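Undergrad: Below you'll find the structure I mean.
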Amino acid sequence: MTAQDGIPAEMGIVQPVRSAKTPVLQRRVLLAAAQADAAYLAQRVAPHVTHSRQLYTSRLIQTASERGTLSVVGPLMGAPYAVMLMETLVAWGAREFCFLGWCGAIQREIAVGDLLWVTEAHIDEGTSPSYGQRWQGRVRAPAHGLGHRADRVLRDDGLPALKGAVWTTDAIFRETPAKVKRFRAAGALAVEMEVSALYAAAEFHEISCLALLTVSDRVVDNIWQPGFKTEIFQTNRRRHCEAALRICLEEDP
């Protein structure tokens, strides 16, 4: 590629800001999409906070304990904003991301409160193509060693996780019967709004990312079935928060 004015032709002209006040991050980041999960995690790490600051419309919390160092970031919503956060955190030193989110099941056998381990994501959002992915294609999880730690923690905690693909959309109110049918037939377990873009950006930067999603609702038989207020969802999302913390603080094998 040719360059103009010293900038490579394929490099973004606008880059994340780095200054004398920019924090230097450790490698591991736990991204929490939902406000409830971000607040729960903030409370859990409160005794070990070394630095806390606003980052766009999210909060970045840095922690250090005898178990290790970790940054917790959230809440967040949507592919473009999630990747803007990731880009900034990568520029500040992060190299490994565990994403904790909620999703809507589109397969009948999946229940509210289930935990999904996302192995790949169908791209139905506009951010991934800017990172070298094909529109309406699929991107696999660049999990690397993070996946081995997740497998060990979930097994030790007795937390079953359904492994498979999700459908990532930009348009939450355009989950039409035709689209649900198409992505269900393609093997997607659920629909959500960030994972394919996070996986695409992580692959682009050659870093690690793994998404763990709690099923909060269901979109089956052309009916939306919300489960946000159910006891099983509230109990399990907290269990999944605890597991994500342990995954991020676990030592590599």
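Undergrad: How many residues, within segment 61-84, are touching a strand residue (DSSP E or B) at 6+ places or on another chain (Cβ under 9 Å) and farther than 15 Å from Gln35 by Cβ? Steps first, please.
TA: At the first step, the residues of segment 61-84 found to be touching a strand residue (DSSP E or B) at 6+ places or on another chain (Cβ under 9 Å) are 61-64, 68-76, 79, 81-82.
Checking which are farther than 15 Å from Gln35 by Cβ leaves us with 62-64, 68-71, 79.
Of the residues in that region, 8 qualify.
Undergrad: Inside segment 176-202, can you point out the residues that are within 21 Å of Pro80 (Cβ to Cβ) and either surrounded by fewer than 19 Cβ atoms within 10 Å (Cβ to Cβ) or modelled with pLDDT under 95 (or both)?
TA: Listed by number, the list holds a single entry, Lys179.
Undergrad: Quick check on segment 22-43. Is at least one of its residues surrounded by fewer than 19 Cβ atoms within 10 Å (Cβ to Cβ) and in contact with a Pro (Cβ under 7 Å, 6 or more places away or on another chain)?
TA: Yes, segment 22-43 has at least one match.
Undergrad: On to the next question. When only residues in segment 105-118 that are part of a strand (DSSP E or B) and in contact with a helix residue (DSSP H, G or I) (Cβ under 9 Å, 6 or more places away or on another chain) count, which is surrounded by the most Cβ atoms within 10 Å (Cβ to Cβ)?
TA: Val118
Undergrad: Of the conditions (1) within 17 Å of Ala82 (Cα to Cα); (2) crowded, with 17+ Cβ neighbours inside 10 Å, Ser130 clears all except one; give me its number.
TA: The number of the failed condition is (2).
Undergrad: Any idea which of Tyr56, Tyr40 is in contact (Cβ under 8 Å) with a residue 40 or more places away in the chain and among the hydroxyl-bearing types (Ser, Thr, Tyr)?
TA: Numbers: Tyr56 fails: in contact (Cβ under 8 Å) with a residue 40 or more places away in the chain.
Of the residues listed, the single one that is in contact (Cβ under 8 Å) with a residue 40 or more places away in the chain and among the hydroxyl-bearing types (Ser, Thr, Tyr) is Tyr40.
Undergrad: Run down Gly78, Gly158 and say which single residue is on the phi > 0 side of the Ramachandran plot, surrounded by 15 or more Cβ atoms within 10 Å (Cβ to Cβ) and among the small types (Gly, Ala, Ser).
TA: Answer to the selection: Gly78.
Undergrad: In segment 1-35, which residue that is at pLDDT below 90 and part of a strand (DSSP E or B) is farthest from Gly145 (Cα to Cα)?
TA: In this case the residue turns out to be Gln4.
Undergrad: For segment 150-184, give me each residue that is touching a helix residue (DSSP H, G or I) at 6+ places or on another chain (Cβ under 7 Å) and either outside any helix (DSSP H, G or I) or not acidic (Asp, Glu) (or both).
TA: Matches in segment 150-184: Ala150, Val153, Leu154, Leu159, Ala161, Val166, Trp167, Thr168, Asp170.
Undergrad: Given (1) in contact with an Asp or Glu (Cβ under 8 Å, 6 or more places away or on another chain); (2) over 28 Å from Gly93 (Cα atoms); (3) of a type in the set (Val, Ile, Thr), identify the lone condition not met by Val139.
TA: For Val139, the failing item is (2).
Undergrad: Among the candidates Leu100, Leu89, single out the residue that is buried (at least 22 other Cβ atoms within 10 Å of the Cβ), assigned to a helix (DSSP H, G or I) and at negative phi. Before the answer, list the steps.
TA: Values: Leu100 fails: assigned to a helix (DSSP H, G or I).
None of the others qualify; the one that does is Leu89.
The values are calculated or read from the model by the stated rules, or taken from the named source; none is laboratory data. Nothing here was measured: the structure is a model prediction, and the numbers come from that model. Positions of Cβ are generated from backbone atoms using ideal geometry, with glycine treated the same way; all protein chains shown enter the neighbour counts.
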